[in-house]
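Report on one structure; see the data block that follows.
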Amino acid sequence: MMTMSTVQSTGDSNATRVSAIENSGWGRSFTFYQPRNAAFWVYVLLVTTGVFQFFSMLASSAGAYGEAIGLSVVLFSAYGAAFWWFTHHIDRYARQPAKLIVVAFLWGSFAATWGMAAHANDAILALYAKIFGQAWAADWGAGLAAPFTEETAKGLGLVLLIALASRFVRTAFDGFILGAFIGLGFQLFEDVVYALNSAGSQFGANQIDAAMTTIVMRMVVGVAAHTLYSAIFCAGLVYLLGRPAEPRRLGRGIALMATAMLLHGLWDSAAALAQGSALMFPLLFVLIVVALVLVLRVFRLTVPRERQFLHDILAPEAEHGVITGDELTAVCGNHKARRAFRRSAGTRADRKRNGYVLEATADLADALAYSRGNNTDRVEFARSEVARIRSGRPSIKA
């Protein structure tokens, strides 16, 4: 028999679930076409400008360096797909809509790069050369221009996304994920141009070999480049601005944004810092390690709020026995908690099944978010899948 306290507890947990779905924006639909929103037209104008400039650049060089362009596009596309998969994989909580992720990627690919940063960099480098001389500008100009122009251009993209999709950019983790996709677009399309420039280094002779050297180098060092800088910068930007589900933390926001620009500046100044010595590659290695450590710390800093949303959405399912307490703890925990849950089973088959149970539980949370916490056919199916997988029963085929 259900007591009054049980009814109240269930009602409270359901109210908490609805609040979590509302605050996280999970399950909402995103509409890009917003003709009455000025942010939409700013976005379209700058992305269109960047597209025109980028493809005009490629078209002018395609006749002489078509092979190098084709090779770089294919290889960087594959490289970018791996980054895309990984970044999407870690967004396992209040997942961003695919359409919004594409919008973020396109901003970084065209608007931030060719529509904004390229012009600002050229202007600042020309100013540095006039004031400090060509040699100084060649050594230090990039490190004292790009971190400010490029991170600002990428950050402006997040500001526009907030204006276009305020229901989705609710936490610093949302800024972290969308910033990563903005940075990924910036990195890939910048790398294509780097490969193109290398192809012309020998007046077109051995263009494939020349471009391949640059492509490999950019892939190796790209693990700690624009994707990471933008993730850190945009997480800080959300802290700086504050959002409905993320209280404003001015100091933390400024610190993260400054950290991203500092990493960027040190990277672009590595050659000048090494002064042509053998310290160049050790310095780059240290910068890569530091960047990876910092982005991991920022991930751990921003993700707890997302895990709390997931917990609040799934807690009523644990109360009703749909999922177990251990499953709830594991799916809302970090990778160590999920690994411990998988390994808690005896046999290898049982461990694999535990992993599938966690995936089905995450799908249940997704279904609940899209239904706004209501019981729908999709939700009931997701619940039955958790039970089926846990019991080891085969799926029912139509």
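If I take R0 = 25 Å and measure r between the Cβ atoms of S391 and R339 in this structure, what FRET efficiency does the formula 1/(1 + (r/R0)^6) give, to the nearest 0.05? Numbers along the way, then the final one.
On the way: r = 23 Å, r/R0 = 0.90.
Efficiency at R0 = 25 Å is approximately 0.65.
I want to check the label-to-label distance for A272 and Q53. Put each point 7 Å from Cα in the C-beta direction and report it in nm to one decimal.
Each label point is offset 7 Å from its Cα along the Cβ direction, giving 2.2 nm.
Tilt of helix 207-221 relative to the longest C-alpha principal axis of the chain, in degrees (0 to 90, nearest 10)?
Approximately 50 degrees, to the nearest ten.
Simple spin-label model, 7 Å along Cα-to-Cβ: R297 to Y356 in nm?
Label at R297, label at Y356, 4.1 nm between them.
Mind listing which trypsin sites (Lys or Arg not before Pro) in the range 325-398 are in a DSSP loop and have 13 or fewer other Cβ atoms within 10 Å?
Qualifying residues, ordered by number: K397.
Just order 24-34, 169-179 by mean Cβ neighbour count inside 10 Å, highest at the front, would you?
Details: 24-34: 17.1, 169-179: 29.6.
Highest mean packing first, the order is 169-179, 24-34.
In the range 205-326, what percent of the accessible surface is made up of carbon and sulfur (1.4 Å probe, ligands and nucleic acids excluded)? Please report the intermediate quantities before stating the final value.
Working: 3800 of 5580 Å².
That fraction is 68 percent.
What FRET efficiency do you get for Q34 and A82 if R0 is 30 Å and r is their Cβ-Cβ distance, rounded to the nearest 0.05?
Given R0 = 30 Å and the Cβ-Cβ separation, E is 0.40.
Quick one: length gained pulling N206 to D12 fully straight, 0.36 nm per residue minus the C-alpha distance?
Numbers: separation 194, 0.36 × 194 = 69.84 nm, distance 6.91 nm.
Additional length available on full extension: 62.9 nm.
Beyond 19 Å, what percent of the Cα pairs of the range 244-398 remain?
On the way: 7907 of 11935 pairs.
Summing the P(r) tail past 19 Å for the range 244-398 gives 66 percent.
May I ask for the angle, rounded to the nearest 10°, between helix 4-24 and the longest principal axis of the chain, with both axes built from Cα atoms and the value confined to 0 to 90°?
That helix lies at roughly 20 degrees to the long axis.
Taking the Cα centre of the chain as origin, work out the dipole magnitude from +1 charges on Lys and Arg Cβ and -1 charges on Asp and Glu Cβ, in debye rounded to 20. Don't skip to the end; give the middle numbers.
Working: 35 positive and 27 negative charges, 243 e Å.
So the dipole magnitude of the chain works out to roughly 1160 debye.
Whole angstrom only: what separates the Cα centroid of the range 321-398 from the Cα centroid of the range 228-301?
With the range 321-398 and the range 228-301 each reduced to a Cα centre, they are spaced 36 Å.
About the Cα centre of the range 78-219, what is the dipole size in debye to 20, counting +1 per Lys and Arg Cβ and -1 per Asp and Glu Cβ, all else neutral? Display every interim value, and only then the final one.
On the way: 8 positive and 9 negative charges, 111 e Å.
Its charge dipole is roughly 540 debye.
How far, in degrees from 0 to 90, does helix 118-132 lean away from the longest principal axis of the Cα atoms of the chain, to the nearest 10?
Orientation of helix 118-132: about 50 degrees from the principal axis.
Let me know the shape class of the range 195-249, please: from the alpha-carbon gyration tensor, a ≥ b ≥ c as square roots of the eigenvalues, rounded when a/c is under 1.5, otherwise prolate if a/b is greater than b/c, or oblate.
Here the range 195-249 falls in the prolate category.
Could you calculate the contour length gain from A129 to K99, that is, 0.36 nm times the residue separation minus the distance between their Cα atoms, to one decimal place in nm?
Working: separation 30, 0.36 × 30 = 10.80 nm, distance 4.21 nm.
Additional length available on full extension: 6.6 nm.
Name the aspartates and glutamates eligible as straight-distance cross-link partners of K130: C-alpha to C-alpha under 20 Å, and not fewer than 8 places from it in the same chain.
Hits, sequence-local ones excluded: D122, D139.
Put +1 on the Cβ of every Lys and Arg and -1 on every Asp and Glu Cβ in the chain; which of I69, P97, F52 then has its Cα farthest towards the positive end of the dipole?
Final value for the positive-end residue is P97.
Starting from the alpha-carbon convex hull of the range 244-326, give the projected area averaged over all orientations, in nm². It would help to have the intermediate numbers written out before the result.
Working: hull surface 32.7 nm².
Averaged projected area of the range 244-326's Cα convex hull equals 8.2 nm².
If you place +1 on the Cβ of every Lys and Arg, -1 on the Cβ of every Asp and Glu, and leave all else neutral, what size is the dipole of the range 8-109 about its Cα centre, to the nearest 20 Debye? Provide the component values of the computation, followed by the final result.
Values: 6 positive and 4 negative charges, 47 e Å.
Value, rounded to 20: 220 debye.
Quick check: the distance between the Cα centres of the range 81-106 and the range 160-224, to the nearest angstrom?
15 Å
Using a Förster radius of 56 Å, what is the FRET efficiency between V44 and A349 based on their Cβ-Cβ separation? Nearest 0.05, please. List each step's numbers first, then the result.
Numbers: r = 52 Å, r/R0 = 0.93.
Rounded to the nearest 0.05, the efficiency is 0.60.
The values are calculated or read from the model by the stated rules, or taken from the named source; none is laboratory data. Predicted model only: the values in this text are computed from it and were never measured. All Cβ positions, even for glycine, are placed from backbone atoms using ideal geometry, and neighbour counts span all protein chains on display. Areas reflect the complete protein model, heavy atoms only, side chains present, ligands, DNA and RNA absent. Shrake-Rupley method; radii C 1.70, N 1.55, O 1.52, S 1.80 Å.
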